[in-house]
Amino acid sequence: MAAVPDTLIYVYGFIPTKEYSEKQSEEMNGMDENYMVDYHTFDDITVVTSRVRPEEFSEEALQKNVEDMKWLQKKAFHHHQLTNKLHEMYTVIPLKFGTIYNSEESLASVVTGYGQNIREVFGDLAGNEEWSIKIYTDKEMFSKAAGKNSPEITEKQKEIAELPRGKQFFEKKKLDKLIQEVSERELTSYCETVHEEVKMLARNNEVKKNWEKKLTEREDDMCWNAAYLIPEKNVQQVIDLVKEKQKASEDFTFEITGPWPPFHFSNFAKKEKA
């Protein structure tokens, strides 16, 4: 049975060695307060790490600890803050929270094996920024408006009004379902139209799942959630586009935030290895 190492290696992300050699950051506390952030250089790729204890970050311990919300919030916040600092200084490929290696040898093996992929992602990210766009609306109010403004719904209402009273009940149930379908269709169409306009100014994008109200802590509903990798020269144009959309619409609330560490566009393992 392999011996358990005294410490494990927690990985925050990769940065280009050239950028790191030109501008080294100040000393920063690591994930474990007893250790500082380290930089391991493998030719043109530098890995940002810190030492952690197996008691907290072995596979078994980590699975248990992530169920402790107080522990998770503290550690995830540190990860988020540090990747933000790296993002402010370098082209960074941020890794997800809880990326652990047992030794420098195992870390070196990954960097060597995926080196070309990592370099390609550096190239993809250089000169680009990740921004998030979320769109909200009151779905109930939107559905009512769709029911009033849709010719399809209006025609159906006229047909129901001419039916015997006994049949109207069941047809009105069907009508409620139709109104919901029309509403969802119009909602999706509007959001996708905005999305297509932003895509024209972005290098890449990822549409994400909408958050529930218990996560957003808002009264209205999230109806669009996407991340965009935007060339720096286009960022202001995208911000202005979102402002124009907001100004033109009373039904929707827009939220654009960034720039963020490019978590959504940093999956070097997905690229085909050369």
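The values are calculated or read from the model by the stated rules, or taken from the named source; none is laboratory data. Predicted model, so just to flag it, every value in this text is computed and none were measured. Here the Cβ positions follow ideal geometry from the backbone for every residue, glycine too, while neighbour counts run over all protein chains shown.
Annotations
- Number of the exception - Pro54 against (1) loosely packed, with under 15 Cβ neighbours inside 10 Å; (2) in contact with a helix residue (DSSP H, G or I) (Cβ under 8 Å, 6 or more places away or on another chain): (1)
- When the range 94-136 is limited to residues that are within 21 Å of the chain's Cα centre (by Cα) and within 14 Å of His40 (Cβ to Cβ), the one that is surrounded by the fewest Cβ atoms within 10 Å (Cβ to Cβ) turns out to be Thr99.
- Residue list for the range 196-219, restricted to those being within 21 Å of Ser143 (Cβ to Cβ) and either crowded, with 17+ Cβ neighbours inside 10 Å or touching a Cys at 6+ places or on another chain (Cβ under 8 Å) (or both): Asn210
- Looking at Glu219, Glu250, Glu244, just one residue is assigned to a helix (DSSP H, G or I) and among the acidic types (Asp, Glu), and that residue is Glu244.
- Matching residues, the range 57-78, being buried (at least 17 other Cβ atoms within 10 Å of the Cβ) and under 14 Å from Ile9 (Cβ atoms): Phe57, Ser58, Leu62
- Helices (runs of 4 or more DSSP H) wholly inside the range 137-208 that include at least 1 residues being among the polar types (S, T, N, Q), modelled with pLDDT under 95 and within 30 Å of Ile230 (Cβ to Cβ): 165-199
- Qualifying residue in the range 14-26 (condition: closer than 24 Å to Arg119 by Cβ and β-branched (Val, Ile, Thr)): yes
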